[in-house]
Amino acid sequence: MATGTHDHADDPRNASILIWVNGELLPRDRAMVSVFDSGFVLGDGVWEGLRVSGGHPAFLEMHLDRLEEGARAIMLDLGMSREQLTEAIYATLRANEMVDGVHVRLMVTRGIKSTPYQDPRVTIGPATVVIIAEHKEPMPATVTDGITLFTTHVRRATPDTLDPKLNAHSKLNDIQACIQAYTAGADEALMLDPQGFVATCNSTHFFIVTRDGEVWTSDGRFCLAGITRANVLEVCRRAGIPARETTFSLTDVYSAAEAFVTGTFAGVVPVRTVDGRTIGSGARGTLTHRLQELYQRHVAEDVGAR
């Protein structure tokens, strides 16, 4: 049984991977950043997770758009063009002879500071760019049997405190939510917005299927602009499946016919229970299964065009 959407089996090949650090490909045990790095000191940076299929990162342009938007919002100079970042990702994949079943983490921090202090003006070097590509596949049980959720008291932040649309290195509120969920016996956390409506999960986006067959997800104001979330909505539009971003409460969740979460790593994952309430039959729903298949075709279409 899965214990989270990021569950995966250990792959011995990952012990010898090469990691891209500021233009160098280094063995895992030598891939390091300074203790004065902004990411280590303050969580000051932005990142993306990418899934590789057929030798290509799926939806790469969407991910780079989000990375650049986040960097612009916090006035972080990436120090590399889109073309350079793209080539760095592919260089990492080539060096590791990676084609399928790969997950990439692209991380950019503000760089090294002269002293451990928050002011960006004490940064003394260029941005730190790290690319980690690992052989990593979702557990089969995650995709078929799904996960359980617990609604945490940790709320999503408002844009005037920490904009939830920023894919920032600082994930402390999500970590606190995750801790509360697994100590309550669930796999991951369902998080509410400041008004108490359903927002998102601690590391994935949340959807329900109503008893009328509509697909609902949050209105998007208090969640990250998820790439997989957007692609699932696009898949629904193409397939003629009624889907909308809307405001809904836990009462709607508890009476839903199906529920699922989305994320770059595992794609579309069923949800069996929320707060101890069985959703639908408690098994992967018919529409969830269909969306899994449609999403995989959407991925294949994207990488096939490269």
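Among (1) out of contact with any strand residue (DSSP E or B) (no Cβ under 6 Å at 6 or more places or on another chain); (2) closer than 25 Å to ASP65 by Cα, where does LEU106 come up short? So the condition that LEU106 fails would be (1). The sole residue among GLY45, GLY111, GLY39 that is surrounded by 22 or more Cβ atoms within 10 Å (Cβ to Cβ), in contact with a Ser or Thr (Cβ under 8 Å, 6 or more places away or on another chain) and farther than 29 Å from HIS8 by Cα is GLY111. Name the residue, out of PRO140, PRO164, that is without any contact (Cβ under 8 Å) to a residue 60 or more places away in the chain and not polar (S, T, N, Q). Exactly one residue qualifies, and that residue is PRO140. Return yes or no: is ARG51 charged (D, E, K, R), surrounded by 17 or more Cβ atoms within 10 Å (Cβ to Cβ) and within 26 Å of GLY304 (Cα to Cα)? Considered against the rule, which asks whether it is charged (D, E, K, R), surrounded by 17 or more Cβ atoms within 10 Å (Cβ to Cβ) and within 26 Å of GLY304 (Cα to Cα), ARG51 comes out as yes.
Screening the candidates ASP174, ASP193, ASP187 for the property of being buried (at least 23 other Cβ atoms within 10 Å of the Cβ), acidic (Asp, Glu), out of contact with any His (no Cβ under 7 Å at 6 or more places or on another chain) and not assigned by TED's automatic domain parsing to the domain that holds MET62 yields one hit, ASP187.
Applying a threshold of 7 Å to beta carbon distances and a minimum spacing of six or more residues, or different chains, the list of pairs starting in the range 287-306 at a residue that is of a type outside the set (Ser, Thr, Tyr) and ending at one that is surrounded by fewer than 18 Cβ atoms within 10 Å (Cβ to Cβ) and assigned to a helix (DSSP H, G or I) reads LEU294/ALA239. Just a yes or no: is a residue in the range 145-168 in the same structural domain as ARG28 (by TED's automatic domain parsing), under 23 Å from HIS6 (Cβ atoms) and not charged (D, E, K, R)? No. All but one of (1) touching a strand residue (DSSP E or B) at 6+ places or on another chain (Cβ under 8 Å); (2) free of Cβ contacts under 8 Å to residues at least 40 places away in the same chain; (3) in a loop (DSSP other than H, G, I, E, B) hold for GLN180; state the number of the condition that does not hold. Checking GLN180 against (1) touching a strand residue (DSSP E or B) at 6+ places or on another chain (Cβ under 8 Å); (2) free of Cβ contacts under 8 Å to residues at least 40 places away in the same chain; (3) in a loop (DSSP other than H, G, I, E, B), the one that fails is (3).
Under the condition of being touching a residue at least 60 places away in the same chain (Cβ under 8 Å) and of a type outside the set (Gly, Ala, Ser), the residues counted in the range 209-220 number 2.
Looking across the range 189-246, the residues that are farther than 25 Å from LEU172 by Cα, touching an Asp or Glu at 6+ places or on another chain (Cβ under 8 Å) and either of a type in the set (Val, Ile, Thr) or assigned to a helix (DSSP H, G or I) (or both) come down to ILE208, VAL209, THR210, LEU233, THR246.
Of all residues in the range 235-264, those satisfying the criterion of being within 18 Å of PHE59 (Cα to Cα) and touching a helix residue (DSSP H, G or I) at 6+ places or on another chain (Cβ under 9 Å) are VAL235, CYS236, ARG238, THR262, GLY263, THR264.
The values are calculated or read from the model by the stated rules, or taken from the named source; none is laboratory data. Model, not experiment: these values are computed from the prediction. As a convention, Cβ positions derive from the backbone with ideal geometry for all residues, glycine included, and neighbour counts pool all protein chains shown.
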